[in-house]
Amino acid sequence: MKPKLKKILLIVLSVIIVIVVAIALTISPITRNYIEKHSKEMVGRKILIKDLHLNIFTGRLEMDSIRMYEKNDKELFASVDTFLIKISLFKLISSRIEVKELKVIAPYTVIQQNGSHFNYDDLLPKEDTIKAPKKKSSFPKSVVITNIIIRSGRLIYSDLQLKNTIRMNELGVTIPQLSFDQGNTNAGIHLKIGKNGTLNSHLTLNMKTNEYRLNLDLVNLAADIITPYVKAYYNIGKLDGQVNTKLQFVGNMNHIMDFKISGTGSCTRLNVTNMLGDPVASANYAEIKITKIYLPTSTYLFDYIHASNAILSFILTPKTNNFSVLLKPEDKNAPHASTSEPMTFKVKDLHLTESQVNYTDKTLHAPFSLPVKKIDFTAQDFDMNGTNQIRTKAAFPEGGIMDFSWKGNMNDLSNQQIIVNIQNLSLRLFSPYCLNYTAFPIINGNLNFISKNNILHNNIESLNMLDVYKMRVGDKNKKLKAEYKVPLKLALYILKDKDEKIKFDVPVKGSTKDPQFSYRKIIFKTLVNLMVKVAVSPVKFLANNLGLKSDNLEAFVIEPLQTGFTAKQYSELNDLANITKAKPELTLTLIQYVNIKEELPLLAMYKTKERFLLSQPYTDNKMQISYEEVQALKNNDAQFVAYVDTLVKKHGNNLGDVSLQEKINSLYTPDSLKAEFQNKLETRNQLLKSYLITTGGIPEKNIVVATAESTTLEAYSEQPKYKIDMTLPGAEKTEE
């Protein structure tokens, strides 16, 4: 080669080298300055970069302190302390991109949501209304990124409408290799959420089929992080607890919502209150094992759901309850949910142990609170769409226990079987209810209650068996206006047997679809009616219990002028004595009622007949004429009529043509007849009382025999009789 040509080539080569070196030395600051100067044009945001180093020979790019600002150019949107990427330049020749290393140190992002808008909406590509013609893609056929590392990341998410901020720290991502054309990609992510919560995940993605498997492990995630979102649907006040999960998501990236979930989860120290601060539910520990959750078909399959030391609180107030407060008013303008797939919900083992229900009623005169403890709730192979059997055991204060079983279909409550067995329940616990409804406080007593209910096609047949022992109530609180006027103290004493037991059955029948049907009201009304009936007719109730004919003992029927008692009447008095002795604390009261206006003329007739019989020569004046003999003498007896005429003449009465009764009435003054009739009534009272005491064996302090007041007798027009009643000293009777 000629020397001159060599010299020219050397000069050209030197110039090229100088140019390349110059470019290599100046491209970094030029690139940095260009990005900062034209960032608003390129992405619409201001971007600042502290340092940028680009090596065009090795394909290495490193940037330090990258900062992107919000649209107002004042507030920081995102930043990265260090960004490093190494690209194999030689691979580009074969249309292959190979990134040897991608490192992002301390990325930081602030995401703000306001309804459906985000603070990064302007960074997203806008939809082009004009469809561009499809062109053959010039994108490299192969892209491989290795050694992807993201470390010390921070993400702050704020929902401006809910006024909620979630801080996620210590974000770390490790991906050994990301290949977009073949093979599996494995990625590990670590993230700290809130103060103590951590998220560790591992993703395996098949780049060819887009099938993925994501393992998601949450540790000590604070449940209150979702409080603002739950408040959008419920009026909760507080949501506390710690959540731990080991979940696996399996799906395909081509169908983002088509995934299946399995794994386990647990929650500790869960506590939920409503917006008024009232407790709703809490649990010391709860855990689940998910067999499969598949949202497209609404499938929820669980191997088990367990919870322990759970507490459910129900608080009733005059206007509402703590659960109603929890619910938001229904939005009438909200669109109705479209019909979807029927839900499949199955649990092989559903078990709640050592739990409690606290029931509080603040609507009564005295507050009522009942903690139901040691609840053990079990259901095996539970299927929301099938027939299930649920068994529950629980304990009440002061030694009471309950066994509850239910068999039925959650979707068809028209057919059910329910059995409730309550033993040794202290009735004193329910004193506030008794006080509210009857004004009587319960002092003592135990209850056994068995209820067997069969519901077939919405028709219920129920048998309720009550066994009460030593139930006692205190004095009536006369300051309270009771809902039911029940003579409870008297009714209870009458209902008790000699061992202070009360046993009776309450059958219930009806249609559960009837709006007026109320199981509780039927039983309560039946009990109230029984109490009133017993108190109003205690003799009849006790007679039935003793196997006596109660119809004959509702009243003691008499003949007003009789001087003794018939055999039938003595039998009735014997029965009455036996009833009274069966309840030694009761006072037997017999009040005599007669129609005095009707009886005075009959007394005059009786006295005249008696005088006539004594005047007969065959009669021994020393012998008393019996009531039966007088009644046997007919009014139209010729001798008797002549005798009356003789007496009238002796009295000097000139009555003319009048009836026999009028003639007899003229022989006596009304006052004398009335006085003698009163003596007869009192004589019968003494005879009756004496017999019941001496022969019947009733203590004198337990019996009252008297005649009704004169004013009452003047208005009385019914059959002559003794009205029978039984009272308990200190107890009130209801009005008849």
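The values are calculated or read from the model by the stated rules, or taken from the named source; none is laboratory data. Just so it is clear, the structure is predicted and the values come from calculations on it, not from any experiment. Don't worry about glycine lacking a Cβ; one is built from the backbone with ideal geometry, like all the others, and counts go over all protein chains shown.
Details
- Residue in segment 452-468 that is surrounded by 15 or more Cβ atoms within 10 Å (Cβ to Cβ), small (Gly, Ala, Ser), within 28 Å of residue 498 (Cβ to Cβ) and touching a residue at least 24 places away in the same chain (Cβ under 8 Å) present: no
- Only a single criterion out of (1) touching a residue at least 40 places away in the same chain (Cβ under 8 Å); (2) buried (at least 17 other Cβ atoms within 10 Å of the Cβ); (3) under 30 Å from the mean Cα position of the chain (by Cα) is not satisfied by residue 490, namely (3).
- Failed criterion for residue 586 (all others in (1) hydrophobic (A, V, I, L, M, F, W, C); (2) surrounded by fewer than 16 Cβ atoms within 10 Å (Cβ to Cβ); (3) touching a residue at least 24 places away in the same chain (Cβ under 8 Å) hold): (2)
- Residue check for residue 436: under 18 Å from residue 522 (Cβ atoms) and either surrounded by 15 or more Cβ atoms within 10 Å (Cβ to Cβ) or of a type outside the set (Val, Ile, Thr) (or both): no
- Sole exception among (1) in contact with a Ser or Thr (Cβ under 9 Å, 6 or more places away or on another chain); (2) in the same structural domain as residue 681 (by TED's automatic domain parsing); (3) among the aromatic types (Phe, Trp, Tyr) for residue 541, by number: (2)
The rows are residues; the columns are (1) in contact with a Lys or Arg (Cβ under 7 Å, 6 or more places away or on another chain); (2) buried (at least 16 other Cβ atoms within 10 Å of the Cβ); (3) without any contact (Cβ under 8 Å) to a residue 24 or more places away in the chain; (4) more than 25 Å from residue 285 (Cα to Cα).
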| position | (1), (2), (3), (4) |
| --- | --- |
| 345 | no, no, no, no |
| 359 | no, no, no, no |
| 374 | no, no, yes, no |
| 425 | no, yes, no, yes |
| 428 | no, yes, no, yes |
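- Scanning segment 483-512 for residues that are in a loop (DSSP other than H, G, I, E, B) and farther than 26 Å from residue 585 by Cα returns 483, 512.
- Of the strands (runs of 3 or more DSSP E) that lie entirely inside segment 52-114, those containing 1 or more residues that are touching a residue at least 40 places away in the same chain (Cβ under 8 Å) span 76-87, 96-114.
Each row is one residue, and each column tells you yes or no for (1) of a type in the set (Val, Ile, Thr); (2) at pLDDT 75 or above; (3) in the same structural domain as residue 237 (by TED's automatic domain parsing); (4) surrounded by fewer than 15 Cβ atoms within 10 Å (Cβ to Cβ).
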site: 126; (1), (2), (3), (4): no, no, no, yes
site: 156; (1), (2), (3), (4): yes, yes, no, yes
site: 161; (1), (2), (3), (4): no, yes, no, yes
site: 193; (1), (2), (3), (4): yes, yes, no, no
site: 204; (1), (2), (3), (4): yes, yes, no, yes
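- Considering the conditions (1) in a helix (DSSP H, G or I); (2) more than 30 Å from residue 434 (Cα to Cα); (3) touching a Lys or Arg at 6+ places or on another chain (Cβ under 9 Å), residue 540 is excluded by exactly one of them, (2).
- The set of residues from segment 462-509 being out of contact with any Ser or Thr (no Cβ under 9 Å at 6 or more places or on another chain), acidic (Asp, Glu) and at pLDDT below 90 comprises 475, 497, 499, 500, 505.
- Subset of segment 631-654 [of a type in the set (A, V, I, L, M) and farther than 15 Å from residue 601 by Cβ]: 632, 633, 638, 641, 642, 647, 648
- The single residue among 366, 334, 394 that is at pLDDT below 95, within 26 Å of residue 469 (Cα to Cα) and either in the same structural domain as residue 437 (by TED's automatic domain parsing) or not β-branched (Val, Ile, Thr) (or both) turns out to be 366.
- Residue selected from segment 685-721 under the condition in a helix (DSSP H, G or I) and touching a Pro at 6+ places or on another chain (Cβ under 9 Å), by the criterion surrounded by the fewest Cβ atoms within 10 Å (Cβ to Cβ): 693
- Taking segment 159-178 as the range and being touching a Ser or Thr at 6+ places or on another chain (Cβ under 6 Å) and not hydrophobic (A, V, I, L, M, F, W, C) as the test, the residues that pass are 165, 177.
- Sole residue being surrounded by fewer than 15 Cβ atoms within 10 Å (Cβ to Cβ), among the aliphatic types (A, V, I, L, M) and part of a strand (DSSP E or B), chosen from 350, 413: 413
- In segment 539-556, the residues that are surrounded by fewer than 14 Cβ atoms within 10 Å (Cβ to Cβ) and modelled with pLDDT of 75 or more: none
- One residue alone among 245, 273 is β-branched (Val, Ile, Thr), within 22 Å of residue 191 (Cβ to Cβ), surrounded by 17 or more Cβ atoms within 10 Å (Cβ to Cβ) and touching a strand residue (DSSP E or B) at 6+ places or on another chain (Cβ under 9 Å), and that residue is 245.
- From 420, 468, 372, residue being out of contact with any His (no Cβ under 8 Å at 6 or more places or on another chain) and either assigned by TED's automatic domain parsing to the domain that holds residue 357 or acidic (Asp, Glu) (or both): 372
- Looking only at residues in segment 361-372 that are over 15 Å from the mean Cα position of the chain (by Cα) and of a type in the set (A, V, I, L, M), the one that is surrounded by the fewest Cβ atoms within 10 Å (Cβ to Cβ) is 366.
- The single residue among 291, 227 that is in contact with a strand residue (DSSP E or B) (Cβ under 7 Å, 6 or more places away or on another chain), of a type in the set (S, T, N, Q), at pLDDT 95 or above and surrounded by 15 or more Cβ atoms within 10 Å (Cβ to Cβ) turns out to be 291.
- Scan of segment 557-586 for residues that are hydroxyl-bearing (Ser, Thr, Tyr), modelled with pLDDT under 90 and closer than 18 Å to residue 680 by Cα, ordered by number: 563
- Criterion applied to 433, 437 was being closer than 13 Å to residue 370 by Cα and at pLDDT below 95, and the one residue passing it is 433.
- Beta carbons closer than 9 Å, at least 6 apart along the sequence or on distinct chains, pair a first residue in segment 618-636 that is surrounded by 13 or more Cβ atoms within 10 Å (Cβ to Cβ) and outside any loop (DSSP other than H, G, I, E, B) with a second that is modelled with pLDDT of 70 or more and aromatic (Phe, Trp, Tyr) for 627/606; 630/606; 631/606.
- If you go through segment 230-269 and keep only what is over 18 Å from residue 290 (Cβ atoms) and among the aliphatic types (A, V, I, L, M), you end up with 230, 232, 236, 239, 253, 256.
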